[in-house]
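Q: The following block contains the structure, expressed as structure tokens.
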Amino acid sequence: MGTAGEAAALAHLRAAGLRILDVDWRCRLGQVDIVADDAGTLVLVEVKARRGISFGLPEEAVDARKQRKLRQLIEAYRLRSGRHRQPCRIDVLGILLDSNLRVRRCEHIRNAVGEA
């Protein structure tokens, strides 16, 4: 399911005009699903994919703890990549898949995680 969700996320982001910089970027703090550039803005994208909503919508899984981690990760990426002065935002992409792992719903929430 993770691979199908990630493929759907990449296709959605490219269709929306974002340029993909990194996929599954890792550092000692954790892992980032996708890093992209949107017209000069550095975008960290957290992808949440599920087959159903019995535990809520996929994007609802990005709780306060995860948001804090994402803010730390984008700062680590900015420093390591030399983009510390580039404007940035954190988006969440919630993807619902059917039983055949086809996309039923794709919700792109821009700037989903605000400042600390």
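Read the figures in this text as sums done on the coordinates, not as results from a lab. It should be emphasised that the depicted structure is a prediction, and the values quoted were computed from it without experimental measurement. We place every Cβ from the backbone using ideal geometry, glycine too, and count neighbours over all the protein chains shown.
Q: So how strong a dipole does the range 2-109 carry about its Cα centre when Lys and Arg Cβ are +1 and Asp and Glu Cβ are -1, to the nearest 20 debye? Numbers along the way, then the final one.
A: Working: 20 positive and 14 negative charges, 63 e Å.
With only Lys, Arg, Asp and Glu charged at Cβ, the dipole is about 300 debye.
Q: Would you mind getting me the FRET efficiency between A11 and Q31? Use the beta-carbon distance for r and R0 = 25 Å, nearest 0.05. Write down the numbers at each step before the final one.
A: Values: r = 21 Å, r/R0 = 0.82.
The calculated FRET efficiency here is 0.75.
Q: Calculate how steeply helix 2-15 sits against the longest principal axis of the alpha-carbon atoms of the chain, using the helix alpha-carbon long axis, and give the answer as 0 to 90 degrees to the nearest 10.
A: 70 degrees
Q: In percent, what relative contact order does the chain have, based on Cα pairs under 8 Å that are 6 or more apart in sequence? Walk me through the intermediate numbers first.
A: Numbers: 201 pairs, mean separation 29.0, N = 116.
Across the chain, relative contact order equals 25 percent.
Q: Just for the Cα atoms in the range 48-116, what are the lengths along the principal axes, largest first, rounded to whole Å?
A: That works out to 42, 22, 17 Å along the principal axes.
Q: What angle do you read, to the nearest 10 degrees and between 0 and 90, between the alpha-carbon axis of helix 64-81 and the longest principal axis of the chain?
A: That works out to roughly 50 degrees.
Q: At 0.36 nm per residue, minus the direct Cα-Cα distance, what do L79 and A39 gain on full extension? Give it in nm, one decimal, please. Write out the running numbers ahead of the final one.
A: Details: separation 40, 0.36 × 40 = 14.40 nm, distance 1.96 nm.
Computed gain between L79 and A39 is 12.4 nm.
Q: Equivalent ellipsoid semi-axes for the chain, as square roots of 5 times the alpha carbon gyration tensor eigenvalues: give them largest first, rounded to whole Å.
A: On the way: eigenvalues 111, 48, 29 Å².
Semi-axes, largest first: 24, 15, 12 Å.
Q: I've got another one for you. Okay, helix-only estimate at 222 nm for the chain: each DSSP H run of n ≥ 4 adds -39500 (n - 2.57), divide by all residues, round to 500 deg cm²/dmol; what do you get? Intermediate results must be reported in sequence, preceding the final value.
A: Working: 2 runs with 32 residues, N = 116.
The per-residue figure over the chain is -9000 deg cm²/dmol.
Q: Using a 10 Å cut-off around each Cβ, can you sort C106, C27 from fewest to most neighbouring Cβ atoms?
A: Result, fewest neighbours first: C27, C106.
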